[in-house]
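Single-structure report; data block below.
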Amino acid sequence: MTLPATLEPAAWNPTICIVPFYFDNGLTLLVVPDQSVPVVSLQVHYQVGSRNELPGITGISHLFEHLMFRGTEELGPEEFARILQAKGGEINAFTTRDHTSYFENLPSEHLELALRLEADRLVHLKLDEENFRTERDVVLSERKLRSVDNPLGLVEEQLFATAYTQHPYSWPIVGWDQDLRRLTLKDCLAYYRTYYHPGNMTIIIAGDVAPEAARDLVGRYFGDIPSPGRPAFPKVIEPPQRGERRAVFKKVSQVEAFLAGFHVVGLDHPDVYSLTLLSAVLSLGKASRLYQEFVRPGRVAELEAYLAPPPWTAQDPDLLVFRAIAAPGTDLPRLEKDLWDSLERLKTEGVSEMELARAKKILKAQTVQGLAKNFFRGLLVGLFHLKTGDAQRVNDILNCYGAVTREDLVRVAREYLREDNRTVVTLQPVSPEESQALGPLA
Amino acid sequence: MTLRVPEIYQVLLPTGLELLGVEYERVPWVSLTCMVKRGAETDPPDKAGAADWTAEYLTLGTVRRSQRQLAEDVESLGAQLQARAEYDATYISLDGLAEDFPVLMEILAEVVQTPGFPPEEFPLLKDRRRAELAQMLDDPRELATRSFRRLFFGGAPYGHATRGEPESLETLALADLTAHYAREFSAKVTSLVVVGMVPQDRVEKEVRRLWQGWPGGGPASPAYTAAPERLAAPGVYLFDRPELTQSEIRMGHLGLPRHHPDYFPLRLANYILGEGGFSSRLMARIRSDLGFTYGIRSRFHFRRAPGPFMISTFTPAENTARVVEEITGVVRDVQEKGVTAQELAEAQSYFVGHFPQSLETARTIAHQVANLSLYDLGLDYLAKYCERIQEVTLEAAGLAARTHLHPEALSILVVGPAAKCKSALENLGGVTLLTRI
């Protein structure tokens with residue numbers, strides 16, 4: 001039987017079409033056309049994240065992301081979000097270690113409005129002492145939510161602070177509590193002038209739009225905005241770790257746990273595909289090694305090996321993190337030793353063809369599934385562009401996974417998952433009284 | 001371009017099993033869901049989690065395959081097998097690449113129709129659930145939501161967590177799961193939802209081949225539709241967690257069932273009150289004006305029987321009483337004065353404009369199709385959805401708010417450090433201290 005082409009999986013082409021435009025003021029526009037649904041994802045990425053901060057002003061990138069919603073000469077606080085939401089839009093933003101990104105997923109007929117408002121807040125952001133202080137309180141509440149009162153939040157902060165001694169990945173994106181309290185409106189305005197201009201930004205428009213029409217619209221609203229040129233950033237390289245580092249974090253908890261991080265690579269390094277597949281062999285799915293060895297028999301509530309997959313991997317060398325939450329009654333030191341023994345077996349005995357094939361198929365399936373969403377397609381393109389300068393790598397993801405061999409997995413396990421390259425932070429439960437005696441959490 | 005609302009096809013098998021499908025062209029994906037229209041509300045009073053543990057048990061081995069074999073066979077296709085009970089229904093779903101459709105459908109049929117219930121898996125499941133529970137109770141947000149539900153509904157069917165309560169670890173036995181399966185997994189209350197890059201005739205053929213000989217068990221429990229007889233008294237309840245820096249706050253009262261005629265006006269009124277993010281009054285007041293929280297939302301949980309209306313937020317502990325007061329004021333304002341014409345128009349425009357995004361992926365379409373079957377909304381529900389939103393008048397939204405919001409009867413649970421918030425809360429009225437929930 002002949003199927004209609006649209007319902008024939010073999011006829012489907014996964015290639016993402018990318019149409020680039022470069023404006024004289026330094027702005028890059030990448031259009032990712034797709035006419036399946038009358039929706040576009042507009043993404044405005046500024047190439048600045050917590051990596052560009054300095055001790056004393058940690059958290060400013062994320063705080064500033066909040067301030068971008070606090071109004072302009074034309075709009076009141078949060079009116080930006082309200083107007084676009086009223087058009088059916090999903091409006092939000094996120095800050096990472098490497099970039100700050102704003103997005104509007106909305107009916108394609110409202111793309112122009114979204115572009116106009118993005119340009120408005122890029123040029124005419126209006127901040128005063130009062131809305132600065134209010135928003136800083138919001139961020140302090142967010143920090144308490146995500147880090148301080150979160151079961152493993154402060155443990156994870158301790159892990160990165162211990163593993164990185166010189167590189168800015170040592171501090172959390174949300175920033176240290178005392179830095180947030182110290183930051184001033186003046187700091188934020190200086191930050192705005194340095195990093196928020198066309199020379200430091202990329203716009204992605206994915207979905208129901210013709211490339212030339214998108215170019216004309218972007219040109220209309222952003223083409224005349226001046227740019228002082230790309231800010232210069234010092235390149236910081238974390239020195240190789242020369243010996244295991246360990247720390248203990250005591251807090252009120254029902255469970256014992258540990259986080260262990262190994263320095264690996266950034267997105268630009270070819271080993272990122274082997275390392276992602278290695279993590280998948282170890283802990284993705286219920287047939288994975290660590291699930292079968294530790295989770296299924298109930299020794300842990302959770303045990304995973306995680307490295308953000310391309311293109312979510314950090315720009316500079318990241319940590320591959322093992323996160324182990326022990327089941328009540330499990331002996332934590334024993335659990336940790338058994339985990340490292342299991343890794344040693346992998347390094348000496350290798351992985352089976354079936355394990356690797358399973359991991360590849362899962363990652364392929366996840367990629368295909370994600371391509372249904374314009375938002376996801378746009379992010380894939382945008383993040384490769386921001387972190388490697390080459391958006392077309394998005395069309396090579398499946399090939400890169402496909403080329404990884406069993407030998408590659410053993411090689412990267414031996415090269416990166418070494419004791420000398422490891423940092424371990426253990427969560428040690430204490431009573432509320434002991435916790436109070438240790439001083440306030442912040 | 002304009003939106004094409006997916007066409008839904010329906011096939012009824014002689015056993016009573018219903019097939020609902022959508023041909024989906026966007027990516028070569030297929031989403032298969034077996035929905036049994038009985039869920040955690042059928043858990044016996046002292047056996048919370050029976051439905052959900054049963055669902056997971058189906059994935060722990062069939063008469064032909066062990067847990068490991070099944071996991072390997074599913075994951076070697078890159079597919080995801082998930083099983084869980086919610087209130088009102090249990091979902092066994094298998095999502096994967098469309099090229100694997102015949103194998104995926106065979107596996108799903110095998111999992112649902114011929115579970116092995118291997119006894120050696122039971123102690124392992126119990127240990128996993130014990131570990132998971134300990135971990136969850138460390139998370140103040142999870143703890144607060146679970147505690148509110150338990151406090152508010154007591155022993156009524158929506159009062160326990162779907163995944164079970166601490167007591168379940170001692171009371172649930174394998175026999176409870178096999179009994180649940182034998183009783184509730186009946187073709188008469190089951191729908192298969194198939195959304196994917198697979199033509200209708202091929203889906204129909206496979207479904208008939210694999211499912212028409214399965215009547216399942218039964219008779220299933222009568223559908224739970226009544227409101228509970230007793231609920232927690234309104235007032236402030238405080239659960240002291242001295243180690244926390246923020247208070248988790250849950251406030252609510254009884255809501256409405258899904259079939260209530262005020263569903264659309266109330267959804268719109270609640271979007272304006274607290275579901276609409278930065279467009280909501282609660283967010284505008286508590287976050288944008290006062291900076292007291294990072295997030296706040298209100299939600300009516302529309303189920304077969306009346307579910308809870310619940311407001312959730314958190315704030316640095318010293319603000320707790322002020323936040324409770326402010327929230328009550330915002331709810332009272334919406335209840336007394338209704339919403340404005342502009343707010344309503346913007347809310348309607350949001351729901352209509354956002355609708356196409358809910359049709360982007362096979363999974364989100366499957367979710368909507370399953371829901372319209374579960375709550376008998378009619379096969380034309382998606383096609384008429386935007387119209388129903390647009391026909392809500394300002395009077396209807398105002399009346400819905402006036403009738404169904406009860407600011408004077410809120411049950412308020414605070415999970416936080418009593419030393420920093422108790423005395424201010426006492427100024428609002430009596431505070432009931434909870435030592436365990």
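Give me the residue from segment B:334-384 that is over 22 Å from A:Ala86 (Cα atoms) and of a type in the set (Asp, Glu) and, out of that set, nearest to the chain's Cα centre (by Cα).
B:Asp376
List the number of the failed condition for A:Ala206; all other conditions in (1) closer than 26 Å to A:Leu379 by Cβ; (2) within 14 Å of chain B (Cβ to nearest Cβ); (3) surrounded by fewer than 23 Cβ atoms within 10 Å (Cβ to Cβ) hold.
Single failed check for A:Ala206: (3).
Name the residues in segment B:74-92 that are part of a strand (DSSP E or B) and in contact with a helix residue (DSSP H, G or I) (Cβ under 8 Å, 6 or more places away or on another chain), would you?
Within segment B:74-92, B:Gln80, B:Leu81, B:Ala83, B:Arg84, B:Ala85, B:Thr90, B:Tyr91, B:Ile92 qualify.
Please find, within segment A:254-292, the residue that is farthest from the other protein chains (Cβ to nearest Cβ) out of those that are touching a Leu at 6+ places or on another chain (Cβ under 6 Å) and more than 30 Å from A:Asn399 (Cβ to Cβ).
Checking each candidate, the answer is A:Leu259.
Could you run through segment A:401-427 and say how many residues are within 14 Å of chain B (Cβ to nearest Cβ) and surrounded by 14 or more Cβ atoms within 10 Å (Cβ to Cβ)?
2
Looking only at segment B:278-300, filter to residues that are among the aromatic types (Phe, Trp, Tyr) and in contact (Cβ under 8 Å) with a residue 12 or more places away in the chain; which one of those is nearest to the other protein chains (Cβ to nearest Cβ)?
As a first pass, look at segment B:278-300 and keep what is among the aromatic types (Phe, Trp, Tyr): B:278, B:292, B:294, B:300.
From what's left, in contact (Cβ under 8 Å) with a residue 12 or more places away in the chain: B:292, B:294, B:300.
Values: B:Phe292: 7, B:Tyr294: 4, B:Phe300: 19 Å.
Here the answer is B:Tyr294.
Being at pLDDT 95 or above and either among the basic types (Lys, Arg) or crowded, with 19+ Cβ neighbours inside 10 Å (or both), is that true of even one residue in segment B:229-237?
Checked segment B:229-237: at least one residue is at pLDDT 95 or above and either among the basic types (Lys, Arg) or crowded, with 19+ Cβ neighbours inside 10 Å (or both).
Going through B:Pro14, B:Pro44 one at a time, which residue ends up being touching a residue at least 40 places away in the same chain (Cβ under 8 Å), within 30 Å of B:Thr171 (Cβ to Cβ) and more than 13 Å from every other protein chain (Cβ to nearest Cβ)?
Unique residue meeting the criteria: B:Pro44.
For residues in segment B:361-372 being hydrophobic (A, V, I, L, M, F, W, C) and closer than 25 Å to A:Glu104 by Cα, which is farthest from the other protein chains (Cβ to nearest Cβ)?
Step one: filter segment B:361-372 for residues hydrophobic (A, V, I, L, M, F, W, C), giving B:362, B:365-366, B:369-370, B:372.
Retained after the next criterion (residues that are closer than 25 Å to A:Glu104 by Cα): B:362, B:365-366.
Details: B:Ala362: 7, B:Ile365: 10, B:Ala366: 12 Å.
Going through the qualifying residues, I end up with B:Ala366.
Output the qualifying pairs, or none if there are none: Cβ atoms under 6 angstrom, residues six or more apart or on different chains, first residue in segment A:239-254 and of a type in the set (D, E, K, R), second residue part of a strand (DSSP E or B) and modelled with pLDDT of 95 or more.
A:Glu244/A:Arg422; A:Arg245/A:Thr423; A:Arg246/A:Val424; A:Lys250/A:Gln428
Out of the residues in segment A:364-400 that are touching a Ser or Thr at 6+ places or on another chain (Cβ under 7 Å) and within 22 Å of B:Ser31 (Cβ to Cβ), which is farthest from the other protein chains (Cβ to nearest Cβ)?
Looking at the filtered set, the residue picked out is A:Leu398.
Do we find a residue being closer than 30 Å to B:Thr225 by Cβ and away from chain A (no Cβ under 14 Å) anywhere in segment B:344-360?
No, segment B:344-360 contains no residue that is closer than 30 Å to B:Thr225 by Cβ and away from chain A (no Cβ under 14 Å).
Tell me which residues, restricted to segment B:216-258, are under 18 Å from B:Tyr375 (Cβ atoms), free of Cβ contacts under 8 Å to residues at least 60 places away in the same chain and in a loop (DSSP other than H, G, I, E, B).
Result: B:Pro222, single match.
Can you work out which of the residues in segment A:85-95 that are crowded, with 21+ Cβ neighbours inside 10 Å and over 14 Å from A:Leu111 (Cβ atoms) is farthest from the other protein chains (Cβ to nearest Cβ)?
A:Thr95
For segment A:1-64, which strands (runs of 3 or more DSSP E) that fit wholly inside it have 1 or more residues that are polar (S, T, N, Q), within 14 Å of chain B (Cβ to nearest Cβ) and in contact (Cβ under 8 Å) with a residue 12 or more places away in the chain?
Counting at least 1 such residues, we get A:39-46.
Report, by residue number, each residue of segment B:309-349 that is of a type outside the set (Gly, Ala, Ser) and farther than 20 Å from B:Ile286 by Cβ.
First pass over segment B:309-349, keeping only residues of a type outside the set (Gly, Ala, Ser): B:309-311, B:313-316, B:318-320, B:322-328, B:330-337, B:339-340, B:342-344, B:346, B:348.
Passing the criteria: B:Gln342, B:Leu344, B:Gln348.
For segment B:171-206, what are the residues that are free of Cβ contacts under 8 Å to residues at least 24 places away in the same chain and within 14 Å of another protein chain (Cβ to nearest Cβ)?
Correct list: B:Asp201, B:Lys205.
Only one of A:Gly266, A:Gly285 is surrounded by 19 or more Cβ atoms within 10 Å (Cβ to Cβ) and either in contact (Cβ under 8 Å) with a residue 60 or more places away in the chain or among the basic types (Lys, Arg) (or both); which?
Criteria check complete, one pass: A:Gly285.
The values are calculated or read from the model by the stated rules, or taken from the named source; none is laboratory data. Predicted model, so just to flag it, every value in this text is computed and none were measured. Heads up, the Cβs are rebuilt from the backbone with ideal geometry, glycines too, and the neighbour counts pull from every protein chain shown.
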